[in-house]
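Just below is one structure, and these are the notes that go with it.
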Amino acid sequence: MHFYSPQLWILLAASLLAGCSTLPSSTPPEPTQTVHTTDQTTECVGSIQAPAVGLEAISDPELLQSALGQPDKGQLCKGQVFVATAPVTVYRVWDQAKSYTLYGRWWSFSLPQGPTDQYREANAICPSWSVLNQMSSCTLKVGSKIVVGPGQSADCGDGLVYPQSAVNQVYINNDSRNNVLWVENCDAGSNWPH
């Protein structure tokens, strides 16, 4: 039977304690969160509202980034990407003199209401971007991806600036000039506002 001196026990205990200080922590490190934002110094107004039935939230950073805009440039301030799992009705106000604008990128889930100036301000649409005199409805194709969120501010020039808006807009990456459409069953349109 071997007996060890108290000094040896102290040395052994000190060695074990020193070894424990270099062991990895038993608690996992905090996860790193990646946030996709634009270069803006202010928070967005409003929130991303629950979308229509038939849409499922997904991740698509590239599509999200294409819908986000810098302050005073329009588009969305923040957004969430969704995929259509069923046909969903969307509405668009556009310029009758430019028929290709029926299939533009900016839509809404609710029937657009006038007067025109109030609609422009609520959706930050500069007069030079569209005269807003026609309204159409379409359905999203099943499988199409969209982005939903509140609007970014827009500087239209000549002192006209629309602030950020809490109104949610729907970004659909249509490109009618290249025959890329994520909507179907569109009506011919009617004069707007009614």
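Here are a few things to note about the model shown:
- Excluding same-chain neighbours fewer than eight residues apart, the lysines reachable from Lys145 by a Cα-Cα span under 20 Å are Lys78.
- Where Tyr91, Tyr119 fall by accessible area, highest first, once all protein chains stay in place (1.4 Å): Tyr91, Tyr119
- Each of Leu181 and Ser128 was given a label point 7 Å from its Cα along the Cα-to-Cβ line. The distance between the two points is 3.0 nm.
- Using a probe of 1.4 Å, the accessible surface attributed to Thr89 totals some 60 Å² when neighbouring protein chains are kept in position.
- Order of exposure, largest accessible area first, which applies to Leu181, Leu140 with probe 1.4 Å: Leu181, Leu140
- Within the full protein context, the accessible area of Ser99 is estimated at about 80 Å² for a probe radius of 1.4 Å.
- Once the C-beta distance of Ser110 and Asn173 is scaled by a Förster radius of 22 Å, the resulting FRET efficiency is 0.60 to the nearest 0.05.
- Ala154 long-range amide H proximity, modeled H, under 5 Å: Asp72, Gly74, Tyr162
- Extension gain for the segment Ala86 to Ile58, taken as residue separation times 0.36 nm less the Cα-Cα distance, is 8.6 nm to one decimal.
The values are calculated or read from the model by the stated rules, or taken from the named source; none is laboratory data. The structure displayed is predicted, hence computed values, not measured ones. Don't worry about glycine lacking a Cβ; one is built from the backbone with ideal geometry, like all the others, and counts go over all protein chains shown. For accessibility, only protein heavy atoms count, side chains too; no ligands or nucleic acids. Shrake-Rupley method; radii C 1.70, N 1.55, O 1.52, S 1.80 Å.
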